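Step one of this worksheet: look at the structure below.
Where a number appears in this text, it was derived from the coordinates with a stated rule and is not lab data. For clarity, every value in this text was computed on a predicted model and none was experimentally measured. As a convention, Cβ positions derive from the backbone with ideal geometry for all residues, glycine included, and neighbour counts pool all protein chains shown.
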Amino acid sequence: MEISITTPALLFPAISLLLLAYTNRFLAIASLVRKLFDDYIHLKNKKNLLEQIKSLRKRLNYIRYMQAAGVFSFLLCVACMYCIYRSWASLASILFATSLITLLVSLFFSLIEIFQSTTALEVLLSEVEDLTN
């Protein structure tokens, strides 16, 4: 298979949008962490908050891995384009394949983070159910 310069260039907008989405998730969680910190200081019942904080810590780590893999994929795409420019076809193919794999890793961590956020919401819902009973 021969790779032209447009092949890795097709990933640029996809990776850029993915990184933007990851950054938005990070900013939302950072805001939530700050709010939880304030709640932790003022509340008497801190058990549920501690569970939420543990969950947020896991989610922050997953987002860190997602972003790192996404940025690494982007760097590999740029390196692939440089190799194509220099007519180093075999190295370009390896870099492009590695870029796709790291993008896949990034998406995998994103999926794990989504499941983790669902678990965190379940903790909140269980607390609301306990309050209504």
> Which log10 I(q)/I(0) values, to two decimals, does the chain give at q = 0.19 Å⁻¹ under the Debye formula with one point per Cα?
Replying inline: -0.99
> Hey, how much of the P(r) for segment 59-109 falls beyond 15 Å, as a percent of Cα pairs?
Replying inline: 44 percent
> Tilt of helix 11-42 relative to the longest C-alpha principal axis of the chain, in degrees (0 to 90, nearest 10)?
Replying inline: 20 degrees
> Say we join alpha carbon atoms closer than 10 Å with springs in a Gaussian network model of the chain; which of L60, L50, L100 then has the biggest fluctuation?
Replying inline: L50
> Label points 7 Å out from Cα along the Cβ direction at R64 and V123: separation in nm?
Replying inline: 1.8 nm
> Say R0 is 30 Å: what FRET efficiency, to the nearest 0.05, do Y82 and A30 get from their beta-carbon distance?
Replying inline: 0.30
> If one takes the longest principal axis of the Cα atoms in the chain, at what angle in degrees, from 0 to 90 and to the nearest 10, does the Cα axis of helix 47-85 lie?
Replying inline: 10 degrees
>> Only counting other Cβ atoms within 10 Å, I'd like R59, R64, R34 sorted with the fewest neighbours first.
In response: R34, R64, R59
> Just L107, L32, L56 to compare: in a GNM of the chain, with alpha carbon springs under 10 Å, which one fluctuates most?
Replying inline: L32
>> What whole-number distance in Å separates the alpha-carbon centres of segment 58-132 and segment 3-43?
In response: 10 Å
>> At a 10 Å Cβ-Cβ cut-off, how would you order T7, T118, T23, fewest neighbours first?
In response: T118, T23, T7
